[in-house]
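The values are calculated or read from the model by the stated rules, or taken from the named source; none is laboratory data. As the structure is a computational prediction, the values presented were derived from the model and not from experiment. Positions of Cβ are backbone-derived with ideal geometry, glycine not excepted, and every protein chain shown enters the neighbour counts.
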Amino acid sequence: MKIRILMLLGMPIALLFAFHSRKPLVFWPKQVYSFQHEAGFKERVELGHLLFYDPVLSADSSVSCASCHLQYTAFAHVDHALSHGIHDSIGNRNAPALMNLAWHRELMWDGAIHHLDMQSLAPISHPAEMGSSIQEVVGKLNRSRKYAGAFYKAFGDSLASGEFVLKSISRFLTTLVSNRSKYDSVMNGTSVFTAQQKSGYEIFRKHCNSCHTEPLFTSLKYEDNGLPLNPRLNDLGRYSITQNTADSSRFKIPTLRNITYSYPYMHDGRFNSLGEVLNHYEKGMVQRKGMQKALKHNITLSSVQKVDLVAFLLTLNDKHFLFNPELGFPKNN
Amino acid sequence: MLAIVATAYAQQTPAQKPLRLKFQYTLDSGVVELGKEIESERGARKFRFTKIKQYVSNIALYLASRCVWRDSGGFYLVDAEDAASCQIAFNYPSNLVFDEISLVFGIDSTTHAAGVMGGALDPLNGMYWSWQSGYINLKIEGEMLDQQKSTALEYHIGGLGTAHEKRFGLAPGEDLTLDCDLNPLLEQALSANKTHLMSPGKQAIALSLAWMQSVRKQP
């Protein structure tokens, strides 16, 4: 009898241990934007997907969001350090890779945008980007009626409004989730690092993780990583939003997921390779007030360590994300 | 049974009384009309305004400094170009006793930080900054005419710290007309040589306070 009871008790405990050992090694934080629970979410995502790829959003209907945010490059703008917009005008900043945005409360290199819904207003209205206005876009959409059915399905109203356009794009943006890299499979116990990757991971944890924090590979904070000021742009980052001198030269820490695809690097796209980035952390940093401890000293790595670190960074590439047709150019458009 | 339904119905919709709130944009004592020249009395300056818009929200009625009723309508965009928008009408329970009305000029910080909304808050209304998040609580655009010269004026005032609550004495049955005098704000901006202000911050807060001083109940 006693044994039976012990066995009965033991089973769930054993099961608990079995599950316990498969517990992921790293936990994702809670999403900031959880639109997936709202009615019409799927239809809104579909509409946002179409709008993201539609140049109707720009003044002369030549530029879409995807012109600067290409799926194959993790939704960054490759080749151009400073993204091009309509009439070949050049913006002031490098288009960042877009992923896991449901976790980003604030957007842009300086955090100028404080809600994902409002993100699209910026490129639509920026004269160097899409050079249009939300009024113009909504007017065009309602004249063409091409999307009337889609607006109806998503919002119960076939007439576009600023609210509907912005909401559908932000819903689509939250579906740009990258969580299927080799790193992720190691963390959920379905794969293992090679010795080189493991060594690189340790170097990463020691020198980089305080800012490029797992599993998003950004703590989403604003920091100064010691880049010499680009005198042509004079971009002081977060300072331009808060007017707080402590924020001078601080920029939103970019994610390192899919990093080999999203070159050039930094807010002004000054570096073209990870080698250049590591050289910067090794001997290119300018020390300024307010820089974090992790960067108070040059990060000197042997050439073997550098190779290991890059080998680890390569495990953050997520082919599924880069080639998932659900995020790509819409087929029946 | 019927009686119960009837009383329940009566309880849900007690008799209502209308209250009309009217906004009028003035320069000193002159009424501003968009597109028309107007002269200020004090500074003896001439202006022509092309756009005056402001948000008003959180309308509530007070008795002895305690809130006794709150409007559920939320947010109103008072646009000089659209006469209908310069009159807000709502109903309150006819047995309600109050001695003050309270309005918030602008958008509260919670709404300010929230996602996109429709109606009066739709960014289509041009009262949302695009380059950085945040509502513009007050927009004044036009020109100052100085002998031969015209100077463009553009004030987009918003961001944190620029929305303010203000209360006005009001008795049941009374309607309310508010004069919004542009002069104090313009005087303050122009004396600092500011013809444009399009971003949040200290200057926007200072001008929003000047605006609050110039909103008065019409006697």
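The rows are residues; the columns are (1) outside the structural domain of A:R93 (by TED's automatic domain parsing); (2) touching a strand residue (DSSP E or B) at 6+ places or on another chain (Cβ under 7 Å); (3) over 22 Å from A:N94 (Cα atoms).
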| site | (1), (2), (3) |
| --- | --- |
| A:W28 | yes, no, yes |
| A:Q36 | yes, no, yes |
| A:G48 | no, no, yes |
| A:Y53 | no, no, no |
| A:V56 | no, no, yes |
| A:S62 | no, no, no |
| A:S67 | no, no, no |
| A:Q71 | no, no, no |
| A:A74 | no, no, no |
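In region A:127-136, the count of residues that are more than 7 Å from chain B (Cβ to nearest Cβ), assigned to a helix (DSSP H, G or I), of a type outside the set (G, A, S) and under 27 Å from the mean Cα position of the chain (by Cα) is zero.
The test for being within 14 Å of chain A (Cβ to nearest Cβ), touching a helix residue (DSSP H, G or I) at 6+ places or on another chain (Cβ under 8 Å) and either closer than 22 Å to B:V78 by Cβ or small (G, A, S) (or both) does not hold for B:Y155. Checking region B:127-138 against the condition returns a match, with at least one residue being under 23 Å from A:V138 (Cβ atoms), in contact (Cβ under 8 Å) with a residue 60 or more places away in the chain, crowded, with 21+ Cβ neighbours inside 10 Å and more than 14 Å from every other protein chain (Cβ to nearest Cβ). Applying the criterion of being part of a loop (DSSP other than H, G, I, E, B) and not hydroxyl-bearing (S, T, Y) to the residues of region A:143-175, the residue that is nearest to A:L98 (Cα to Cα) is A:A160. Selection over region A:240-282 of residues that are among the basic types (K, R) and in contact with a Cys (Cβ under 8 Å, 6 or more places away or on another chain) gives a count of 0. Of the residues making up region B:158-180, one or more are surrounded by 15 or more Cβ atoms within 10 Å (Cβ to Cβ), without any contact (Cβ under 8 Å) to a residue 60 or more places away in the chain, out of contact with any Gly (no Cβ under 7 Å at 6 or more places or on another chain) and within 14 Å of another protein chain (Cβ to nearest Cβ). So, in region B:81-125, of the ones that are assigned to a strand (DSSP E or B) and among the small types (G, A, S), which residue ends up nearest to A:G139 (Cα to Cα)? Checked region B:81-125; the qualifying residue nearest to A:G139 (Cα to Cα) is B:A89. Yes or no: B:G161 of a type in the set (G, A, S) and in contact with a strand residue (DSSP E or B) (Cβ under 8 Å, 6 or more places away or on another chain)? No, not satisfied.
The helices (runs of 4 or more DSSP H) found entirely in region A:257-333 that carry 2 or more residues being touching a helix residue (DSSP H, G or I) at 6+ places or on another chain (Cβ under 8 Å), in contact (Cβ under 8 Å) with a residue 60 or more places away in the chain and surrounded by fewer than 18 Cβ atoms within 10 Å (Cβ to Cβ) are A:303-314.
You will find that of A:F164, A:F217, A:F151, A:F155, the residue that is surrounded by 22 or more Cβ atoms within 10 Å (Cβ to Cβ), more than 24 Å from the chain's Cα centre (by Cα) and not aliphatic (A, V, I, L, M) is A:F151 and no other.
Comparison of B:D79, B:D99 shows that the only residue that is under 20 Å from the mean Cα position of the chain (by Cα), of a type in the set (D, E, K, R) and under 27 Å from B:R20 (Cβ atoms) is B:D79. The single condition from (1) surrounded by fewer than 17 Cβ atoms within 10 Å (Cβ to Cβ); (2) in a helix (DSSP H, G or I) that B:K194 fails is (2). If B:G74 satisfies every condition in (1) surrounded by fewer than 16 Cβ atoms within 10 Å (Cβ to Cβ); (2) over 20 Å from the mean Cα position of the chain (by Cα) but one, which is the exception? Failed condition: (2).
Residues in region A:106-126 that are of a type outside the set (D, E, K, R), part of a helix (DSSP H, G or I) and in contact (Cβ under 8 Å) with a residue 24 or more places away in the chain: A:L116, A:M118, A:L121, A:P123, A:I124.
B:L124 falls short of the stated requirement of being away from chain A (no Cβ under 12 Å) and surrounded by 14 or more Cβ atoms within 10 Å (Cβ to Cβ).
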